[in-house]
Amino acid sequence: MVNPGSSSQPPPVTAGSLSWKRCAGCGGKIADRFLLYAMDSYWHSRCLKCSCCQAQLGDIGTSCYTKSGMILCRNDYIRLFGNSGACSACGQSIPASELVMRAQGNVYHLKVALAPLFSREPSLSYLGQSLSP
């Protein structure tokens with residue numbers, strides 16, 4: 001499961017850490033064959049659910065979203081919070097599911113932000129910022 005802003009990778013398993021994991025949802029021991037790791041915690045697959053539609057997130061994909069204290073599936077995240085805003089360079093809206101680049105408090109489409117790096121002509125500005133000394 002993916003959680004923006006978290007490590008998204010479980011801690012490495014070592015011989016000393018092979019104890020039962022506790023579920024962040026119900027608090028019970030996880031003895032299931034499979035367990036989920038999301039938001040820096042372990043979960044039973046039945047306990048990691050969307051706060052809105054109650055879908056078991058492990059069953060519907062490999063991503064989950066968190067905002068305002070809720071754990072959400074992709075569809076409910078987009079339904080509740082819509083587009084993530086507009087690109088600071090081109091002004092077009094950025095869908096919530098699109099990867100972006102953030103710089104100096106601005107948000108950009110990834111393709112817009114990286115375009116100057118791949119252009120053949122040298123540029124004296126990058127993302128609207130002058131590069132002159």
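Determine whether Gly25 is at pLDDT 80 or above, open to solvent by 30 Å² or more (accessible area, probe 1.4 Å) and out of contact with any helix residue (DSSP H, G or I) (no Cβ under 6 Å at 6 or more places or on another chain). Answer is yes for this residue. When each of Gly82, Gly69 is tested for being open to solvent by less than 70 Å² (accessible area, probe 1.4 Å), modelled with pLDDT under 85 and at positive phi, the lone residue that passes is Gly82. Every listed requirement among (1) closer than 28 Å to Val107 by Cβ; (2) modelled with pLDDT of 85 or more is met by Ser88 save one, (2). Can you give me the number of residues within segment 45-66 that are part of a loop (DSSP other than H, G, I, E, B) and open to solvent by less than 40 Å² (accessible area, probe 1.4 Å)? Counting residues in segment 45-66 that are part of a loop (DSSP other than H, G, I, E, B) and open to solvent by less than 40 Å² (accessible area, probe 1.4 Å) gives 6. For the residues Ser88, Ser45, the requirement of being out of contact with any Pro (no Cβ under 8 Å at 6 or more places or on another chain) and touching a residue at least 40 places away in the same chain (Cβ under 8 Å) singles out Ser88. When Ser93, Ser88, Ser97, Ser63 are screened for being assigned by the TED database to the domain that holds His109 and within 16 Å of the chain's Cα centre (by Cα), only Ser97 passes.
If you check Ser63, Ser8, Ser19, which single one turns out to be over 29 Å from Ser97 (Cα atoms), out of contact with any Gly (no Cβ under 8 Å at 6 or more places or on another chain), at pLDDT below 85 and not basic (Lys, Arg)? The conditions single out Ser19.
Residues that are surrounded by 14 or more Cβ atoms within 10 Å (Cβ to Cβ), in contact with a Ser or Thr (Cβ under 7 Å, 6 or more places away or on another chain) and at pLDDT below 80 do not occur anywhere in segment 30-39.
The values are calculated or read from the model by the stated rules, or taken from the named source; none is laboratory data. Nothing here was measured: the structure is a model prediction, and the numbers come from that model. Counting neighbours? That spans all protein chains shown, and the Cβs are built from the backbone with ideal geometry, glycine included. To get the accessible areas, we keep the full protein, side chains included, count just its heavy atoms, and leave off ligands, DNA and RNA. Shrake-Rupley method; radii C 1.70, N 1.55, O 1.52, S 1.80 Å.
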